[in-house]
Amino acid sequence: MIRKLTAEECVAAIAAGDFPPAMTASAPSVALVLTQSWCPQWTWMRTYLDDLASDADTAIYWVEYDKEAFFEDFLGLKEGRFSNRQIPYVRYYRNGKLVRESNYIDRSGFLRYLKG
């Protein structure tokens, strides 16, 4: 499964300082991709992420936060709380636990980080 994060999910993450366990444990392997729409590396990643949508053991969530009304607050979460100033920024979870973080990564690296 791959889907865009909703505004409500992003605003809740901003308020809580992180994404909820219901999301990070929604599949055995979860990736959250936080990016901006203009990023060419995100465009490249998106092509291979769409190919992974049918994997029942993974959930991939993404947001292009530069297009959202909560941009400034979300930027604060990503750059402040998560201490990452690059895009795309990816958080990898297995069984609900954060196991890795990366920025742009190719398909094989993404799968290695996602699946372990």
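Among the residues of region 12-36, what is the count of those that are part of a helix (DSSP H, G or I) and either of a type in the set (S, T, N, Q) or touching a residue at least 24 places away in the same chain (Cβ under 8 Å) (or both)? Step through it out loud before you land on a result.
Filtering region 12-36 down to residues part of a helix (DSSP H, G or I) leaves 12-16, 21-24.
From what's left, either of a type in the set (S, T, N, Q) or touching a residue at least 24 places away in the same chain (Cβ under 8 Å) (or both): 13-14, 21, 23-24.
Residues meeting the conditions: 5.
For every residue, the table says whether it meets (1) within 22 Å of Ala7 (Cα to Cα); (2) part of a loop (DSSP other than H, G, I, E, B).
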{"site": "Trp38", "(1), (2)": "yes, yes"}
{"site": "Thr43", "(1), (2)": "yes, no"}
{"site": "Arg46", "(1), (2)": "yes, no"}
{"site": "Leu77", "(1), (2)": "yes, no"}
{"site": "Asn84", "(1), (2)": "yes, yes"}
{"site": "Ile87", "(1), (2)": "yes, yes"}
{"site": "Leu111", "(1), (2)": "no, no"}
{"site": "Leu114", "(1), (2)": "no, no"}
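Starting from residues that are hydrophobic (A, V, I, L, M, F, W, C) and at pLDDT 95 or above, keep the ones in region 1-11 and report whichever is surrounded by the fewest Cβ atoms within 10 Å (Cβ to Cβ).
Initial filter on region 1-11 (hydrophobic (A, V, I, L, M, F, W, C)): 1-2, 5, 7, 10-11.
From the residues that got through so far, the ones that are at pLDDT 95 or above too are 5, 7, 10-11.
Numbers: Leu5: 21, Ala7: 13, Cys10: 23, Val11: 15.
Of everything passing the filter in region 1-11, Ala7 is surrounded by the fewest Cβ atoms within 10 Å (Cβ to Cβ).
Any chance region 50-66 includes a residue that's at pLDDT 95 or above and surrounded by fewer than 18 Cβ atoms within 10 Å (Cβ to Cβ)?
Checked against the condition, which is being at pLDDT 95 or above and surrounded by fewer than 18 Cβ atoms within 10 Å (Cβ to Cβ), region 50-66 yields at least one hit.
Conditions (1) out of contact with any His (no Cβ under 6 Å at 6 or more places or on another chain); (2) of a type outside the set (Gly, Ala, Ser); (3) farther than 16 Å from Ile14 by Cβ; (4) free of Cβ contacts under 8 Å to residues at least 24 places away in the same chain, marked per residue:
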| site | (1), (2), (3), (4) |
| --- | --- |
| Asp50 | yes, yes, yes, no |
| Asp57 | yes, yes, yes, no |
| Glu68 | yes, yes, no, no |
| Phe74 | yes, yes, no, no |
| Lys78 | yes, yes, no, no |
| Arg81 | yes, yes, no, no |
| Arg85 | yes, yes, yes, yes |
| Pro88 | yes, yes, yes, no |
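Going by what's in this entry, would Ala16 be described as over 11 Å from the mean Cα position of the chain (by Cα), among the hydrophobic types (A, V, I, L, M, F, W, C) and over 22 Å from Leu111 (Cα atoms)? Quick ask: steps written out before the conclusion?
Numbers: over 11 Å from the mean Cα position of the chain (by Cα): yes; among the hydrophobic types (A, V, I, L, M, F, W, C): yes; over 22 Å from Leu111 (Cα atoms): yes.
Considered against the rule, which asks whether it is over 11 Å from the mean Cα position of the chain (by Cα), among the hydrophobic types (A, V, I, L, M, F, W, C) and over 22 Å from Leu111 (Cα atoms), Ala16 comes out as yes.
The values are calculated or read from the model by the stated rules, or taken from the named source; none is laboratory data. All values derive from a computational prediction rather than experimental measurement. Positions of Cβ are generated from backbone atoms using ideal geometry, with glycine treated the same way; all protein chains shown enter the neighbour counts.
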